[in-house]
Structures are given as C-alpha cells and as structure tokens.
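The values are calculated or read from the model by the stated rules, or taken from the named source; none is laboratory data. This structure is a prediction, so every number in the text was calculated from the model and none was measured. With ideal geometry, Cβ positions are generated from the backbone for all residues, glycine too; neighbour counts draw on all protein chains shown.
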C-alpha cells in the first residue's frame, strides 16, 4: 500500500536533498484514522479536545497511545511513501518523490523540520529513494 502525503516547498526540498528523513502529522482523528484505522468519531474519546476551537491536540497520555496501537493491531502496513510538492499532475516527476516506507511512530519531532518543541506527532519515517 502506498502512503501519499503533500508537502510544502521547503519540506519537499529538504526531503528531496536527503536531509529530511521523516515527516510529521498532528495527532488528530483524521490522521489516526488514516494511519491506524477506526472511525474519526472513535478517536475523539482518546484524544485531548479543545471545545474553544474544536480541535484535538494528541493522545491524553502514553497509556492511551500504547492501548490504542495495540487495540488497532499496530499501524497500517505501507510499502512506499509518495511525497508530493503540493498536488502535481502524475506526469510532473520533479514534484513527486517515491521513498521506501520505514514505519510510523508517535514521538516528538525535529524542530528544524517543522515540529513544535515537546509536541507528540505521528512521525512517518523515510528510507531510500525508489525512483
């Protein structure tokens, strides 16, 4: 299965150069559903929720993370990460990178690569270039 993610220009350039080996996605019901399965409504019970701006801000605690990953039987199995600069046409190979998928973790990320200090993310790890 292929995981396709759109990137902004600066993150795409760093990934293409080989410097940036991972990407970050906020822990929200949308991304939890995409990486682990289950419905988005399922995830709202396990994520911190701010009623003021109607957003989720990550798992309530480490126990929640471990429980959920085990209940979902781990992350979905992806073979490749297709990273795109925006939403290019399939023929625009300069704006499409195909990388080996090296797994997904939940942890903090590198602030130099767009992560906020001390915030947990879904971390998508890249391997070697495939094309």
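When we screen 120, 14, 85 for residues that are out of contact with any strand residue (DSSP E or B) (no Cβ under 8 Å at 6 or more places or on another chain) and modelled with pLDDT of 75 or more, the only hit is 14. Checked against (1) surrounded by 13 or more Cβ atoms within 10 Å (Cβ to Cβ); (2) more than 12 Å from the chain's Cα centre (by Cα), residue 104 passes all but condition (2).
The set of residues in the range 59-73 that are surrounded by fewer than 12 Cβ atoms within 10 Å (Cβ to Cβ), at pLDDT 65 or above and not in a helix (DSSP H, G or I) contains only 73. Note on the range 95-131: residues that are within 15 Å of residue 83 (Cβ to Cβ) and outside any strand (DSSP E or B) total 5.
Of all residue pairs spaced 6 or more apart or on separate chains, none has beta-carbon atoms under 6 Å together with a first member in the range 93-108 that is touching a residue at least 40 places away in the same chain (Cβ under 8 Å) and a second member that is surrounded by fewer than 15 Cβ atoms within 10 Å (Cβ to Cβ) and in a helix (DSSP H, G or I).
What pairs can you find where one residue is in the range 118-131 and without any contact (Cβ under 8 Å) to a residue 12 or more places away in the chain and on the phi > 0 side of the Ramachandran plot, the other is assigned to a strand (DSSP E or B) and surrounded by 14 or more Cβ atoms within 10 Å (Cβ to Cβ), and their Cβ atoms are less than 9 Å apart, with a gap of 6+ or different chains? Going by the 9 Å Cβ cut-off, the qualifying pairs are 118/108. The set of residues from the range 19-35 being more than 11 Å from the chain's Cα centre (by Cα) and in contact (Cβ under 8 Å) with a residue 24 or more places away in the chain comprises 20, 21, 29.
Go through the range 108-117 and report how many residues are within 24 Å of residue 70 (Cα to Cα) and loosely packed, with under 12 Cβ neighbours inside 10 Å. I'd like the intermediate steps shown before the answer.
The initial filter retains those residues of the range 108-117 that are within 24 Å of residue 70 (Cα to Cα), namely 108-109.
Keeping just the survivors that are loosely packed, with under 12 Cβ neighbours inside 10 Å gives none.
Total meeting the criteria: 0.
Against the conditions (1) in contact with a helix residue (DSSP H, G or I) (Cβ under 8 Å, 6 or more places away or on another chain); (2) modelled with pLDDT under 85; (3) in a loop (DSSP other than H, G, I, E, B), residue 56 satisfies every one except (3).
Working only within the range 20-36, note down all residues that are modelled with pLDDT of 95 or more and assigned to a loop (DSSP other than H, G, I, E, B). Even if it seems obvious, please write down each step before you answer.
If we filter the range 20-36 for residues that are modelled with pLDDT of 95 or more, which is where we start, we get 20-24.
Selection gives 20, 21.
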